[in-house]
Amino acid sequence: MSLLVVGLSHRSAPVSILERAALAADTQAKLLQDTLAAEPAAEGTVLATCNRIELYADVDKFHAGVAELSTLLAQHSGVGLDELTPYLYVHYEDRAVHHLFSVACGLDSMVVGEGQILGQIKDALALGQELHTAGRLLNDLFQQALRVGKRAHSETGIDRAGQSLVTFGLEQLADGTDVDTWAKGKKALVIGAGSMSSLAAATLARSGVSEIVIANRTLARAERLAQILSEPGGTGVTAHAVDMVAVGDELTRADVVVSCTGATGLVLTGADIETAVQGRRTPLALLDLAMPRDIDAAAHRIPGVRLVDIESLAEASADAPMAADVDQVRGIVSDEVAAFGAAQRAAHITPTVVALRTMAADVVAGEVARLEGRLPGLDDKQRAEITQTVRRVVDKLLHAPTVRVKQLASEPGGAGYADALRTLFDLDPETVASVSRADLNDADVKNRGRV
């Protein structure tokens, strides 16, 4: 295993850099295709969220891999390499596994313990599977990361350590007032109909707003979300959808606005907001969860407007208290990293063991055939008994060494045992490689579509 991750996040880079480096969906696909075209990388996938961009790859050369992945991130993000490099972090092998597992558990999130990252990890794996850039290593890694994240949330109280970015943002807008009290009776405008916007709409509905308007470039998606919110058995809030051209009018009616779209430019300009607040007596609360930002930062300076965005959320979350459960989650992560590393190292020697047993079976078959030539009078029962006896002898001779070598290979530094086994038994490297290719094909079939 030569797992490498190169990335940047809210912990390493200012929001201004993250905003410029944000990757659109088609750019992510091109980045992965170019990653596999690069010499050091055998497989790859990208984890891109509103506050992190990370490129994962299986590489055969560390330094060349770091240089190539860093260059690719710079090329596809549009931020120059010299400008981007100071904000990049690099994790390799077990440290890379530890990093992803920590991310999956919410330990590296802006709001510690939030669960939205699991959906984003799932999307990253799905993209790698769809483009066939995620092979056995990344499939195993990301599948396990999802399991580790779910385990952390089910076995600990990490959820108490933080909440979703939406809830945290609404708490900042409420400014010390209980969110349900603050939201009750307000009219809300939600711009966007993706996962984060849907979560925001549902959270606002549960908090007691009287009306929610959903605006989206694809009206059908907005209508579907509005239907889910207002249908019997749902939240019961009054909800309807509008086209994006109606945002200006809806802005004059709204008390609270949440925006999270994939737009590359501003959705609400300072001028839009100034126009909307002219003559109004109640304040306008704006929550911008997009990266790059949807709402002009100039809104901070407009009287009667309160804006909370990714940058201000990062500042507010820096001093947020961490629950004692965080230590328990860290323990889970450490245990899972060790188990994953052991499993990967053990899997590394499996093709060699299979090749050894195949060679032994061929030797048995050859010796039995030679014996039949020398003793043509053997009947079927005698021939079967002799064959079974020889096989039992070979199996008993190989059993202890192969079990022990798998145990040794699973320990740190155990990678050399596969080489030793190949050398001692003079195994054909191509036979071992063919077993590895067969395993990889089986894993690809098994994991295809599994997220």
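Placing +1 at every Lys and Arg Cβ and -1 at every Asp and Glu Cβ, with all other atoms neutral, what dipole size does segment 173-311 have around its Cα centre, in debye to the nearest 20? Don't jump to the answer; show the numbers that get you there.
On the way: 13 positive and 17 negative charges, 37 e Å.
Dipole size: approximately 180 debye.
Would you work out which of HIS98, CYS50, VAL242 lies farthest towards the positive end of the dipole of the chain? Charges go on Cβ: Lys and Arg +1, Asp and Glu -1.
Projecting each Cα onto the dipole axis, the largest value belongs to HIS98.
So, with +1 on the Cβ of K and R and -1 on the Cβ of D and E, and no other charges, what is the size of the charge dipole of segment 72-209 about its Cα centre, to the nearest 20 debye?
On the way: 11 positive and 15 negative charges, 105 e Å.
With Lys and Arg at +1 and Asp and Glu at -1, about 500 debye.
What is the spin-label model distance, in nm, from LYS150 to GLU83 if the labels are put 7 Å beyond Cα along the C-beta direction?
4.2
If amide hydrogens are placed 1.01 Å from N in the peptide plane, which non-local residues have theirs closer than 5 Å to the one on ALA239?
ILE212
Could you work out the mean projected area of the convex hull around the alpha carbons of segment 45-148, in square nanometres to one decimal? Before the final figure, lay out each step's value.
Numbers: hull surface 26.6 nm².
Approximately 6.6 nm², given one-decimal rounding.
Using the C-alpha gyration tensor of segment 139-233, what are the square roots of 5 times its eigenvalues, in whole angstrom, with the largest one first?
Values: eigenvalues 152, 83, 26 Å².
Taking √(5λ) for each Cα gyration eigenvalue gives 28, 20, 11 Å.
Give the accessible surface of the chain per residue, rounded to a whole number of Å², with probe radius 1.4 Å and ligands, DNA and RNA excluded. Mind dumping the intermediate values first?
On the way: 21270 Å² over 451 residues.
Solvent-accessible surface per residue comes out at 47 Å².
Of the labelled options (i) 21.6, 70; (ii) 28.5, 110; (iii) 20.3, 60, which one gives Rg and Dmax of the Cα atoms in Å as computed for this structure?
(ii)
Ignoring any ligand, DNA or RNA, what whole percent of the accessible area of the chain comes from carbon and sulfur when the probe is 1.4 angstrom? List each step's numbers first, then the result.
Details: 11020 of 21270 Å².
The value for the chain is 52 percent carbon and sulfur by accessible area.
State the volume of the convex hull built on the alpha-carbon positions of segment 174-227, expressed per residue in Å³ and rounded to an integer. Kindly include the intermediate steps, with their values, before the conclusion.
Details: hull volume 3.8 nm³, N = 54.
That works out to 70 Å³ per residue.
In terms of modelled amide H atoms, which long-range or inter-chain residues lie less than 5 Å from the amide H of LEU107?
Correct list: GLY113.
Roughly how much of ARG217 is accessible, in Å² to the nearest 10, using a 1.4 Å probe?
150
Pop out the ³J(HN,Hα) list for segment 302-312 in order, Karplus 6.51 cos²θ - 1.76 cosθ + 1.60 with θ = phi - 60°, rounded to Hz; leave Gly and Pro as x.
Coupling constants for segment 302-312: 8, x, x, 10, 10, 10, 10, 10, 4, 5, 6 Hz.
Tabulate in residue order the Karplus-calculated ³J(HN,Hα) for segment 425-430, using 6.51 cos²θ - 1.76 cosθ + 1.60 with θ = phi - 60°, rounded to whole Hz; enter x for Gly and Pro.
Karplus-based 3J(HN,Hα) across segment 425-430 equals 9, 6, 6, 6, x, 5 Hz.
Which whole-Hz couplings ³J(HN,Hα) result when phi for each residue of segment 29-35 is put into the Karplus expression 6.51 cos²θ - 1.76 cosθ + 1.60, θ = phi - 60°, listed in order with x for Gly and Pro?
Listing the rounded values in order: 4, 5, 4, 5, 4, 6, 5 Hz.
The values are calculated or read from the model by the stated rules, or taken from the named source; none is laboratory data. None of these values were measured; they are calculated from a predicted model. Glycine gets a Cβ as well: all are built from the backbone with ideal geometry, and neighbour counts include every protein chain shown. To get the accessible areas, we keep the full protein, side chains included, count just its heavy atoms, and leave off ligands, DNA and RNA. Shrake-Rupley method; radii C 1.70, N 1.55, O 1.52, S 1.80 Å.
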